[in-house]
Each structure stands twice: as structure tokens, then as C-alpha cells.
1. At a Cα cut-off below 20 Å, give the aspartates and glutamates reachable from LYS133, other chains included and same-chain residues fewer than 8 away excluded.
2. Give a residue-ordered list of calculated ³J(HN,Hα) values for the range 82-90 (Karplus: 6.51 cos²θ - 1.76 cosθ + 1.60, θ = phi - 60°; whole Hz; x for Gly, Pro).
3. What is the spin-label model distance, in nm, from ILE61 to ILE26 if the labels are put 7 Å beyond Cα along the C-beta direction?
4. Return the inverse of the average 1/r over all pairs of distinct C-alpha atoms in the range 25-95, which is the Kirkwood hydrodynamic radius, in Å to one decimal.
5. Two-decimal Rg/Rh of the range 101-164 from alpha-carbon positions, Kirkwood Rh?
6. Return the FRET efficiency for the residue pair SER157, ASP47: r is the Cβ-Cβ distance, R0 is 41 Å, and the value is rounded to the nearest 0.05.
7. For the pairs LYS96/LYS122; LYS25/LYS144; LYS73/LYS163; LYS25/LYS65, flag any whose C-alpha to C-alpha distance is greater than 21 Å.
8. Based on the Kirkwood radius over alpha-carbon pairs, what is the Stokes-Einstein translational diffusion coefficient of the range 27-161 at 20 °C with 1.002 mPa s viscosity, in µm²/s?
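Nothing in this text is a laboratory measurement; each read-out follows from the coordinates by a stated rule. Predicted, not measured: the structure shown is a model, and the values here were computed from it. A quick note on method: Cβ atoms are made from the backbone with ideal geometry, for glycine too, and the neighbour counts reach across all protein chains shown.
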Amino acid sequence: MQRRELFSFLSATAKSSFSEKKEKKIVIRPPYFDDESAFDIECQNCDGLCATSCQEHIIIIGEDKTPYLDFSKSGCTYCDDCATACEPNVLNLENKNSLDIDVVINKTTCMSWEGVMCFSCKDPCLEDAIDFKAMFMPVIDQEKCTSCGFCISRCPSYAIDLKESVL
């Protein structure tokens, strides 16, 4: 196998792995709702003011006209602006809570777990929820984590995953 073929193979493998990961995407709603079914009913005739008011630009209006969060560029500051702007009251300040997802580090793709000095996920964590054991093994403390998502966009190896919370 020639060098060019090797790199083409590795690139194709990485792309297919990334595509598979993308397909398993879970829908993350803004953190101010009480009834998820209200998104399907009330958001259909809305102008999407929640998305335009988001300071971090992470609220995306999907094809189904409902808002979801995209952590690929930033995270949620829990600033209340989306709930204040929501005219149909699907998002309401009274329902403010942390996002109902768990943020986990994938040890097989994390550079630190492979012995590379990387603190990219720890630096933006406002809650100091990422602990490093023995300098190279980051672990997220779920008790401290607010699921804000800031660590996700900063990870150079896309090693931070979202999973539905287990109550």
C-alpha cells in the first residue's frame, strides 16, 4: 500500500466514523421548557425569536420549526434571553433548569487519554466540572456539570459526547 492510499483510507475511515456519530445526534431543547410536546404545537407559527435572541448563537430552528441547541461553536450561558423572547411561552423563566443530558468524555478518542497534554475541555468549563486524574485522564463530574456544552466545541478530537440523562 502506498502512502497516498494509506492516507486516503484513513481519511475515508474518519469521515465515515464522523458521519455515523452525526446520525446518532440527540435533540437538545433550550433549558426553559416544561412540556416537550408544546414545541410541536406552539413553535409552528412562531418567528423563532428564541434563536435570534441567543447571544451564543447556539439555538437553531430545525426543519420542523422547533428550536434545538447546537454546541458545535459554543455553549449555553443560561442567560434567560431565549425564554424572555419566547412569545408562545414554550420557554419560560419559571421552568429554568439544567439541560437533561449527560456530557461524557470518550476515552478512545480523547487525546489526553492517549498521553497527549491537552486541557482544551477544562479551560472553558465555568463550573470546574472536568477533573484530570494523573494529568492525562479527564473525567466529567456529573454533579458539577451543568451540560452547558462549552467543552464540546473546544475539543480538537471531538471526544466529548452527549447522552440522554439516566435518572
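1. Candidates past the 8-residue exclusion: ASP102, GLU114, ASP123, ASP141, GLU143, ASP161.
2. In residue order, the calculated couplings are 5, 5, 5, 7, 6, 6, x, 6, 5 Hz.
3. Taking the two extended label points, one gets 2.7 nm.
4. Values: mean 1/r = 0.0840 Å⁻¹.
Hydrodynamic radius (Kirkwood, Cα pairs) of the range 25-95 is 11.9 Å.
5. 0.91
6. Values: r = 38 Å, r/R0 = 0.92.
That gives a FRET efficiency of 0.60.
7. Details: LYS96/LYS122 25 Å; LYS25/LYS144 24 Å; LYS73/LYS163 19 Å; LYS25/LYS65 17 Å.
Beyond 21 Å: LYS96/LYS122; LYS25/LYS144.
8. For these conditions, the coefficient is 136 µm²/s.
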